[in-house]
Amino acid sequence: MDMAQHDQESAQPTHRPSKRLPVRRTRPGRSPRGLDEVAVEEPLEIRLRWVDDDGSHDELITTTMRTPGDDFDLAVGFLVAEGLLSPGDVPAGISHCTEGDVEDPLNVVTATLRNGSKPDISSVARVGLGTSACGICGRTRMEDVIARVPQVSEKQDFDPAWLATLPEQLRAAQSLFESTGGVHAAGAWPAGAQVITVREDVGRHNALDKLIGSLASRDQLPATGLVCAVSGRASFELVQKAAVAGFDALIAVGAPSSLAVETARGAGMILCGFAGTAGLNCYSGASRLGL
């Protein structure tokens, strides 16, 4: 199936992203026994399939812990961030596992590349089990990240007052966080406009991968002219993913790391932290905010 024509949100089967579990409480005014809605965390295998002059290939790329749901978005976003798909490219097809010997088919996703593709998977770490916090997956050279950032001839300017409202808008769209209190989020906005989409996951890197994959399915990569807002701090891994996807800016609720700032400056991307109703701190691209 063609990813550009695939409606993931309506057609993709999923596990539930949360479940109700027994809890004992010590809170005044609350029953000591009850049920709490808890975010689900399960493994997802991301596999890559392609055919080249050497024959047919089927490779396990990574296994990550994630919240079930939007798994196709997660797989495509991860492949873009790791350079196995270029921004603006989509797989020829993507599906859950259909092999009968797999214990849980919904926890395995395979992306099939278009004819003639020959991905370089040598730099992607594929050892052990990844966590929901794992974003860089063995790739630590900042120069490699910068080399994969889409080149944009005209950089857009943004209103810092509007950028400072994005965390509040993101929080208002976090339905899974509202019920569980246990997930991160990433959202995408055009300048001064309404949110395009928001994705949630127990892993902040997974939430951003899901967002990137969702934009890919909408033919909106590279994300030129778009702003990404995230619910946590701005780590190197989040800046890496946002830059490679082509976002003009990354706006975070929390603080950036030094390497995140260095990477954003090298990529020519706006990076702001501590964003909220009181304002924001700009660490990269301040001139594009009129600061």
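Among Asp71, Asp219, Asp209, the ranking by other beta carbons within 10 Å of each residue's beta carbon, starting with the fewest, stands as Asp219, Asp71, Asp209.
Taking Val195, Val90, Val244 in turn, the Gaussian network model of the chain (Cα-Cα springs below 10 Å) assigns the largest fluctuation to Val195. The amide H of Ala223, built 1.01 Å from its N in the peptide plane, has Gly246, Phe247 as neighbours under 5 Å, considering only residues 5 or more places off or on other chains.
Among Met269, Met65, rank each residue by its count of other Cβ atoms within 10 Å, from fewest to most, as a rough exposure measure.
Least to most surrounded, the residues fall as Met65, Met269.
Taking only the C-alpha atoms of region 160-289, Rg followed by Dmax gives 13.0, 39 Å.
Scanning residues 5 or more positions from Arg233 or on other chains, those with amide H under 5 Å from its amide H are Gly254, with H placed 1.01 Å from N in the peptide plane. Build a GNM of the chain with springs between Cα atoms under 10 Å apart, and of Gln194, Gln151, Gln240 the one that fluctuates most is Gln194. Build a GNM of the chain with springs between Cα atoms under 10 Å apart, and of Ser18, Ser153, Ser257 the one that fluctuates most is Ser153. Of all DSSP-defined beta bridges confined to region 160-289, some 65% are antiparallel rather than parallel.
Taking each DSSP H run with n ≥ 4 as -39500 (n - 2.57) and averaging over every residue of the chain yields -6500 deg cm²/dmol at 222 nm.
Neighbour counts of C-beta atoms inside 10 Å place His96, His205 in the sequence His96, His205, starting with the fewest.
Values in this text are rule-based calculations from the coordinates and carry no lab data. Just so you know, these numbers come straight off a predicted model, no measurement behind them. Cβ coordinates were reconstructed from backbone atoms using ideal geometry, including for glycine residues, and neighbour counts include every protein chain displayed.
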